[in-house]
Amino acid sequence: MPNWLIKSEPDEYSARDLARDQRTTWDGVRNAAARLNLRAMRAGDRVLLYHTGGEKAVVATARVAGDPQPDPADESQMSVLVDVVFEEFLKRPVTLGEIKADDAFASFDLVRISRLSVMPVSSDHWKRIIAMSKKPLS
């Protein structure tokens, strides 16, 4: 199953909010590349939740709860939405600085295309981020 990273401004909707709600609709994605990625999501896909703003860190995991649906709020009918369900917080957040400092992430869209709000995550990158979250900061 594919892996994804979705970004959220924690002041608007955080991983803590998703943990409280357990499920939410991920919508409002307007960037064309991010929309294509959202369209490619399928039920069961794994998701990393990334906080933007001052935090800039991967903080939790979730799963896609259903296949993409048309976004009824988008009159152009180009946007889709997906439901996501909370899984767990990482043992500790993995910061963008840590990711950028690791050469293994040179091809990762989070490093290459920093404005993209929905992006694929390779299995190797997923495993590495999860492993990093289990190690104390150096």
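Just so it is clear, none of the values below were taken in a lab; they were calculated from the coordinates. All values derive from a computational prediction rather than experimental measurement. Please note: Cβ atoms are built from the backbone with ideal geometry, for glycine as well, and neighbour counts cover all protein chains shown.
Structure above, values below:
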read-out	value
Cα-based helix-to-principal-axis angle, 123-133 vs the chain, degrees rounded to 10	60
Of (i) 48, 27, 25; (ii) 56, 32, 23; (iii) 48, 31, 30, the label for Cα extents along the principal axes in Å derived from the coordinates	(iii)
Inter-site label distance for K134 and K91 at 7 Å from Cα along Cβ, in nm	0.6
Per DSSP, loop trypsin sites (Lys or Arg not before Pro) in the range 59-138 with at most 12 further Cβ within 10 Å	R115, K134
Spin-label pair Q22/I113, simplified geometry with 7 Å Cα→Cβ offset, distance in nm	3.5
Span from the the range 25-64 Cα centroid across to the the range 74-137 one, whole angstrom	8
DSSP loop GluC sites (Glu not before Pro) with at most 14 other Cβ within 10 Å: longest gap in the chain	76-138
